[in-house]
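Accompanying notes for the structure given below.
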Amino acid sequence: MNWINNVVRPKIRSFLTTKREVPENLWVKCPETGQMVFYKDLEANQFVVPGSNFHMKMGSRARLGTLFDGGAFELVAAPPVAQDPLRFRDGRRYTDRLKDARTKTSLDDAVLVGEGRLDGRPVVAAAQDFEFMGGSLGMAAGEAVIAGMLRAVELKAPFILFAASGGARMQEGILSLMQMPRTTIAVQRLREARLPYIVVLTDPTTGGVTASYAMLGDVHIAEPGALICFAGPRVIQQTIREQLPDGFQRAEYLLEHGMIDMVVHRHKIRETLSRLCNLLMQGGAEAGASLSGNGKTQTNGARIDGKLIGTTPLELEPVTGAERFKAQGEGERAEPRDHDPLRN
């Protein structure tokens, strides 16, 4: 009788009834207003909630797809690194965590680097994916960022970084922390090659990433409401035992205090990046004339009513490329050293 109840009846029931599987992410709830949004509509709107303009987290492939012309780009390969150099284990093995993250995101690590064209101009861009272990900076992520910067130097193209990270990856210890000075040296290579380095700070950008390459750009753009900090507001508040200001360490707060250059809505980031690349790559009067900078004004992101992003005047003074990169009293450039700290 148990055989009939446990085997025969379920099989008969499965033939007579059909189950419709519903994806878990079919509807997405806005964290700010509680509004339910159809996932396909949210994806088509670049993961910006239509009603509240809340900027949801965006994957690295989607980032690069919306940046390059026609969404077409070629991946920039990064040198292979040791998977688990410290043989780290807490609640689980580090290798198991990596395997789960790769299965979930279909990425090799937290940083994806691609090269393509932005309004016809060749550019190299890197995007951190927060879904991959919190976008944490480890050896593989550091190598990817460095490979992207060196590729930009090779192509003589601007380098754009979309930062989204919780900081350095603890499972790799000091090896992850060493990626901070190594990426800083790679940024210097861009400076020596006189190439623009533009950083787009997204929610969240924290920890060792903020303390290194994420805050070393020529221009810093932030998405509305993005958390940008080294230590989080909760940690600071518990340490100093004082109430923090409203919006502390958010993009608009940092803009008001001069920490970033502009706050730009996600729908306008592509055109803003294109304009900046044209300005920084062309230089001189030619750039000023093409961008209406000679005697006129350009626009920069700003905050309106604490939520909406508008524009404020930004005077553009054309300078030559030599003036932009040559500091006062700077002598001849030093000869390259035999040892390259970016090479293993």
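Tabulated values for the structure
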quantity	calculated
Members of segment 59-77 found to be under 23 Å from GLY134 (Cα atoms), part of a loop (DSSP other than H, G, I, E, B) and touching a strand residue (DSSP E or B) at 6+ places or on another chain (Cβ under 7 Å), listed by number	VAL76
Top-ranked residue in segment 223-248 [being under 18 Å from the mean Cα position of the chain (by Cα) and of a type outside the set (Gly, Ala, Ser); ranked as surrounded by the fewest Cβ atoms within 10 Å (Cβ to Cβ)]	PHE230
All positions within segment 164-194 that are open to solvent by less than 40 Å² (accessible area, probe 1.4 Å) and in contact (Cβ under 8 Å) with a residue 60 or more places away in the chain	ALA164, GLN171, GLU172, GLY173, ARG182, ALA186
Enumeration of residues in segment 61-78 that are exposed (fewer than 13 other Cβ atoms within 10 Å of the Cβ) and in contact (Cβ under 8 Å) with a residue 60 or more places away in the chain	ALA77
Subset tally (residues that are open to solvent by less than 10 Å² (accessible area, probe 1.4 Å), among the hydroxyl-bearing types (Ser, Thr, Tyr) and assigned to a loop (DSSP other than H, G, I, E, B)) for segment 195-222	1
Within segment 49-74, tally of residues that are more than 16 Å from the chain's Cα centre (by Cα) and not small (Gly, Ala, Ser)	7
Test for LEU150: is it more than 15 Å from ILE198 (Cβ to Cβ) and touching a residue at least 40 places away in the same chain (Cβ under 8 Å)	yes
Filter result for the condition that a residue is touching a Cys at 6+ places or on another chain (Cβ under 9 Å) and on the phi > 0 side of the Ramachandran plot, over GLY207, GLY247, GLY258, GLY225	GLY207
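This table checks each residue for (1) in a helix (DSSP H, G or I); (2) touching a residue at least 24 places away in the same chain (Cβ under 8 Å); (3) charged (D, E, K, R).
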residue: GLU242; (1), (2), (3): no, no, yes
residue: GLY247; (1), (2), (3): no, yes, no
residue: TYR253; (1), (2), (3): yes, no, no
residue: HIS267; (1), (2), (3): yes, yes, no
residue: THR272; (1), (2), (3): yes, yes, no
residue: LEU276; (1), (2), (3): yes, yes, no
residue: LEU280; (1), (2), (3): yes, yes, no
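The values are calculated or read from the model by the stated rules, or taken from the named source; none is laboratory data. Quantities reported herein were computed from a predicted structural model and do not represent experimental measurements. Here the Cβ is made from the backbone with ideal geometry for all residues, glycine too, and neighbour counts use every protein chain on show. Each accessible area value is taken on the protein alone, full model and side chains, heavy atoms only, with ligands, DNA and RNA left out. Shrake-Rupley method; radii C 1.70, N 1.55, O 1.52, S 1.80 Å.
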